[in-house]
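Notes follow once the structure below has been shown.
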Amino acid sequence: MRLRWVFIFLLSYILLQFSWWTYLLIDLNNENVRLRYSAAGNNEVEKQVLAQKLNQRHWMVIGEGSVFLLLLVSGGIITYRSFNKEFQLARQQKNFLLSVTHEYKSPLASIKLMLETLLKHDIEKEKRNTLIKSAINDADRLNALVENALLAASIEQHTYRFNLEAVDVSKVVSELVYTFQSNPDRKHHIETDIEHHVEMKADAFAFSLLLNNLLENAAKYSPAGTLIKVELKKSVPGKIILRVADQGIGISDSDKVKIFDKFYRAGNEETRSTKGTGLGLYIAKHIAEYHHGKITVSNNLPKGSVFEVTF
Ligand code: ATP
Ligand code: MG
């Protein structure tokens, strides 16, 4: 914050200085010409030349001064903007670290607890199976988190190798929705409308990560018991549409563009009740783009959000 004020102060100081020197230069020129004017006595020709010269110099100072001013102001604005961006990123990064640590810790803690319970107590088979399934789910959650973070890092460093091949994405979507639904912790109804045998050149892993992020969000930002709709369709010439619609809290218009930024999470860090790292949609957008797709978000009616990826 302090640095920002220092920057504004410096820039204002430079601008003031600059105006002052321009004024001085013009004044000095006037003075100079005035002296030579009186020295010229009755020589009208020289006086005329002097007046012309003065006029030319004025225009030179004004012209060059304006260009310099323009450069200075644009430079200032560009610097200020990138300054602000860095600032915001640094803050989000801090929040990210906090939430990541928390996010990773809770499934780990519950897996540990379940393993300890299994070890210490003689538990009947049915209950034991439930515990083991729960532990597997937690491990899956942890795995998804790690995969997200790793993928975000390798996307950033351009080291992720997308392995494009003909994939039956209908199968990928159906399987993922099935796995998603079979988790006993889920509290949402999922309705699907999946066209059969939709094929496209895709990286199956990245594609399912993209859908998983959209599904996780739909569940995370909607009250329990509401409906999530997943659609996959072929549309006009060669296009494929993947759509995830929820009936949740929705996204404000000003946030609609920002949510795809790295680490961005809507709302205020203190008041926010959900957990997350702000990486999900950043990755989803990159994966969509890599598949020559475009991801958009709009309002669902009467409430909620619709995420649509067009490939
Ligand atoms: P994670 O990295 O764990 O996915 P996250 O869910 O917070 O964390 P993103 O998936 O990138 O991060 O989403 C960014 C933000 O967009 C969320 O914090 C949330 O505010 C908003 N958002 C995303 N999906 C929805 C949705 N379906 N409904 C309402 N808000 C959403
Ligand atoms: Mg998310």
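The values are calculated or read from the model by the stated rules, or taken from the named source; none is laboratory data. The structure displayed is predicted, hence computed values, not measured ones. Here the Cβ positions follow ideal geometry from the backbone for every residue, glycine too, while neighbour counts run over all protein chains shown. We work out accessible area using only protein heavy atoms, side chains counted, and drop any ligands, DNA or RNA first. Shrake-Rupley method; radii C 1.70, N 1.55, O 1.52, S 1.80 Å.
Observations
- When the Cα positions of Leu279, Tyr80, Leu10 are compared along the charge dipole of the chain, Leu10 comes out farthest toward the positive end, with charges on each C-beta of Lys, Arg, Asp and Glu.
- With respect to the chain, whose longest principal axis is taken over its alpha-carbon atoms, helix 280-290 is tilted by about 80°.
- Surface composition of the stretch 165-310: carbon plus sulfur atoms hold 53% of the accessible area, using a 1.4 angstrom probe and ignoring ligands, DNA and RNA.
- Magnitude of the charge dipole for the stretch 95-157, about its Cα centre and with charges confined to Cβ atoms of Lys, Arg (+1) and Asp, Glu (-1), is about 240 debye.
- Selection from Trp21, Leu97, Leu215, by position along the positive dipole direction of the chain (Cβ): Trp21
- Distant alpha-carbon pairs in the chain (separation over 30 angstrom), percent: 54
- Whole-angstrom gap from the stretch 203-247 to the stretch 290-311, using each part's C-alpha centre: 8
- In the stretch 95-157, the alpha-carbon atoms span a convex hull of 70 Å³ per residue.
- Surface/4 estimate of mean projected area, convex hull on alpha-carbon atoms of the stretch 2-88, nm²: 5.9
- Residues of type lysines that Lys239 reaches as a straight line, Cα spacing below 28 Å, ignoring anything fewer than 8 places off in the same chain: Lys171, Lys201, Lys229, Lys256, Lys258, Lys262, Lys285, Lys294, Lys303
- Taking the Cα centre of the stretch 220-277 as origin and assigning +1 to Lys and Arg Cβ atoms and -1 to Asp and Glu Cβ atoms, the resulting dipole is close to 340 debye.
- Excluding exposed DSSP-loop trypsin sites (Lys or Arg not before Pro) (at most 12 other C-beta within 10 Å), longest clean stretch of the chain: 1-160
- Helix 44-120 axis, angle to the chain major axis (alpha carbon atoms, nearest 10°): 20
- Carbon plus sulfur fraction of accessible area for the stretch 95-157, probe 1.4 Å, in percent: 62
- Test item: Cα-centred dipole of the chain, Lys/Arg +1 and Asp/Glu -1 on Cβ, debye: 580
- To the nearest ten degrees, helix 2-39 and the longest principal axis of the Cα atoms of the chain are 20 degrees apart.
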